[in-house]
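Notes for the one structure printed next.
Only the coordinates and a few stated rules stand behind these numbers; no lab work does. Here the structure is a predicted model, which is why all the values come from computation and not from measurement. We place every Cβ from the backbone using ideal geometry, glycine too, and count neighbours over all the protein chains shown.
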Amino acid sequence: MAITDIDEQKLEAFLGLAATEAGAALNAALVTLGDELGLYKAMADGQPVCPADLAARTGTQERYVREWLNAQAASGFVLYDEPADAYVLPPEHALVLADDTGPFSMTGTFQAANAAVAVRERLASRFTEGHGLGWHEQHHDLWHGTERGFAASYRAHLVAEWLPALGGVVEKLEAGALVADVGCGHGASAILMAQAFPRSRFVGVDYHAGSIEIARRRAAEAGVADRVSFQVAGAADYAGEGYDLVAFFDAFHDLGDPLAAARRAAAALAPGGTCMLVEPYAGDRVEDNLNPIGRLYYGFSTLVCTPGSLSQPGRAALGTQAGEARLREVLEAAGFGAVRRAAESPLNLVLEARLP
Ligand SMILES: C[S@@+](CC[C@H](N)C(=O)[O-])C[C@H]1O[C@@H](n2cnc3c(N)ncnc32)[C@H](O)[C@@H]1O
């Protein structure tokens, strides 16, 4: 391309974007450091703090903390109070960065993002040879970050909005239902449901033994181990019949063979039972997803979910942004007659599927 074909304004704008993006990549690690070291939590009172005081509060070194604070201020994550030479974490930012149990927490998402980018070297050969990379082969920060990141959204929406959006399910849960949570990871969704519906029983299923070990511990810590059990099993071969609800939380697109999993769900349901897919929010067309949420999900999809599915028999690789139409196709092929979008949130689509 001749240099005269170059639009200088476009070049400058894109250089600005590229610099911002390189900064964002570095900020992912800085956010997780702040999370791990308790730096955000120590600023959660919203009061100006100087680096020496923040270092003293957190048992860290002032010189490192000053540099971290400057990076945070340049990213707009904290504010710099120049006359006082102090830094402030605004209360709105504290909800996202310093409140791990709240509905707006995103520190888990950053933790997962750091784990995801760490597989880059291993993934290059997968791009050329086509092999997959299983969930169980990923860095442990992915498992923990995913748990923390998704749990924030489940706390906000699952019991208050998603379950009530399914026909007749809450009534069954209140009376005492049997529920399977397939691809349950560390069990956050099963535990939340068990806390809300003490008369029901919940079975979490995941092929990753390490995740199930942690899920069992989490259920015991939450005091619901009497009604939540877990199985190390694949999505198409777990035990049990007569489930009133079979749910997949952000896991269906990760499966090598989602059709086999949907068929298993259909066979495992009690008459009149419901299958619920909670999936990452996505439109059906690529152009619908070219936005910040789609970007986050396409990133995780390339580094984690697509390689995960390609590592398993079936290799369906639906991708994190499969979209409702593609998901509906799989459910219908498994025999589900009535599939509808029951709910949505900024991060999730919720599909309800019932047998004819
Ligand atoms: C993105 S994580 C979601 C975990 C959990 N549902 C949550 O929301 O935190 C996907 C999960 O699907 C599990 N998984 C992947 N393939 C599976 C399979 N074939 N059978 C059962 N679980 C599977 C992974 O081990 C992982 O725990």
Charge dipole magnitude, Cβ of K and R +1, D and E -1 - region 123-234, Cα centre, debye nearest 20: 240 debye
query: Which residues does a label at residue 288 reach in region 302-329, if reach means a backbone N under 18 Å from a point 7 Å past the Cα toward the Cβ?
result: 318-329
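Around residue 111, what is the net charge, scoring Lys/Arg as +1 and Asp/Glu as -1 over all other residues with Cβ under 13 Å from its Cβ? Write down the numbers at each step before the final one.
Values: positive: 148; negative: 35, 36, 100, 141, 147.
That works out to -4.
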message: Quick check: residue separation of residue 174 and residue 61 times 0.36 nm, minus the Cα distance between them. What number comes out in nm?
response: 35.5 nm
task: Rank 39, 90, 16 by how far each Cα sits towards the positive end of the charge dipole of the chain (+1 on Lys, Arg Cβ; -1 on Asp, Glu Cβ) and give me just the farthest.
output: 39
- line: Residues other than residue 176 with Cβ under 12 Å of its Cβ, Lys/Arg counted +1 and Asp/Glu -1, net out at +1
- prompt: Between residue 329 and residue 44, what length in nm is gained on full extension when 0.36 nm per residue of separation is reduced by their alpha carbon distance?
  reply: 98.0 nm
task: Please give the length that would be gained between residue 270 and residue 344 if that part of the chain were fully extended, namely 0.36 nm times their separation in residues minus their C-alpha to C-alpha distance (nm, one decimal).
output: 24.1 nm
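What does the C-alpha gyration tensor say about the overall shape of region 210-329? Classify as rounded when a/c is under 1.5, otherwise prolate if a/b is larger than b/c, or oblate. Intermediate results must be reported in sequence, preceding the final value.
Details: a/c = 1.86, a/b = 1.48, b/c = 1.26.
Judged from the Cα gyration tensor, region 210-329 comes out prolate (a/c at least 1.5, a/b above b/c).
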statement: Relative contact order of the chain (C-alpha contacts under 8 Å, at least 6 apart) in percent is 13 percent
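Given the DSSP H assignment, sum -39500 (n - 2.57) over each helix run of at least 4 residues in the chain and divide by its residue total; what's the result at 222 nm in deg cm²/dmol, nearest 500? Before the final figure, lay out the partial values.
On the way: 14 runs with 161 residues, N = 356.
It comes out at -14000 deg cm²/dmol, rounded to the nearest 500.
Sort region 95-179 into rounded, prolate or oblate with this rule: let a ≥ b ≥ c be the square roots of the eigenvalues of the Cα gyration tensor; rounded if a/c is under 1.5, and if a/c is not under 1.5, prolate when a/b is larger than b/c, oblate otherwise.
oblate
DSSP beta bridges in the chain, what fraction antiparallel, as a percent rounded to 5?
Working: 17 of 37 bridges.
Within the chain, antiparallel bridges account for around 45 percent of the total.
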- line: Rounded to one decimal in nm, the spacing of the 7 Å Cα→Cβ label points at residue 122 and residue 161 is 3.4 nm
message: Once R0 is set to 25 Å, what does the formula 1/(1 + (r/R0)^6) return for the Cβ-Cβ distance between residue 217 and residue 239, expressed as a FRET efficiency to the nearest 0.05?
response: 0.70
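Summing Lys, Arg as +1 and Asp, Glu as -1, what charge do residues with Cβ under 12 Å from the Cβ of residue 238 carry, residue 238 excluded? Numbers along the way, then the final one.
Working: positive: 264; negative: 181, 206, 237, 241.
Here the count lands on -3.
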query: Of all DSSP beta bridges in region 248-356, what percent run antiparallel (nearest 5)?
result: 85 percent
message: About the Cα centre, and with charges only on the beta carbon of Lys, Arg (+1) and Asp, Glu (-1), how big is the dipole of region 58-132? Nearest 20 debye, please.
response: 440 debye
- line: region 92-125 and region 229-243 have their Cα centres apart by a whole-number Å value of 29 Å
